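These notes are about the structure you will find just below.
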């Protein structure tokens, strides 16, 4: 291989990359960013496209089958309406509780919904709460209210007036939210010592608060300080009248949140006590003290019975001389007969042994 030959491009690229890496290392450590890393632009674009596709699919599902309702309702809708007992009760309660001035709330739809989807919603609700199919006592009232709301929404003039009213309400809420954020920003600038044009007007309404009213503990004297009470200036004389303590001073020191918390705890304690009484009445007809008294009476009866039968037991007292020899037989030993038996067994025979 020639010494002056040119190396391939890949080797030159690797060499330059290594040189760049050494340069980066020689400069110093890279600056780290605190917090999560921001997703790439491709990932954000893909997420936006996915959101748009879901919105288009949802609109397509709502817009499909927008034909006129001619003829009887579909059997599936009728079956669903007939079998929804819980749904009937819920819808009737909602219809009765809704305000008559807001037909959108009565029908349960948004003001941006198309008239075709409103018709679907009205058809389903009318089948559900119809007095002939629903046995709820307020079904007739709910059905009349539903029909009136749907007729108002079908009228273009009335619907336009309702939409304008809703739009005005939304604008007012947005203005209030923006004004609140501007006041908070102005207050934050005041704390930092920064003043901008218009901050005084924004903060003037916040500074103008309602007149403060004093609590009862501020205007009511304790018992010791009331006119005609015991004088507390002299500490060397005995009191002729007995002093009464202040008692509960929590109304003087409790804040509104403390009062609300105490009221809540009082309600919880009373509710728990009521539940305990109901359980004791149903499950515990006798208290533990009564059960203990009954068991102690039984024990005293047993002790009295044993004490009364102390000298009347049917068995005899134990006697050493008699009980140790009970069941044994007297054996008489005859020494003559015993010796005779032994001689017959262990005596030598009459013959003599002879050896060769």
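Taken together, the values in this text are just the output of simple stated rules run on the coordinates, not laboratory data. Just so it is clear, the structure is predicted and the values come from calculations on it, not from any experiment. Cβ sites come from the backbone with ideal geometry, for glycine too, and all protein chains shown count toward neighbours.
Numbers for the structure displayed
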{"read-out": "Among (1) assigned to a helix (DSSP H, G or I); (2) under 24 Å from residue 93 (Cα atoms) - the single one residue 172 does not satisfy", "value": "(2)"}
{"read-out": "The one condition in (1) in a helix (DSSP H, G or I); (2) within 30 Å of residue 251 (Cβ to Cβ) that residue 179 fails to fulfil", "value": "(2)"}
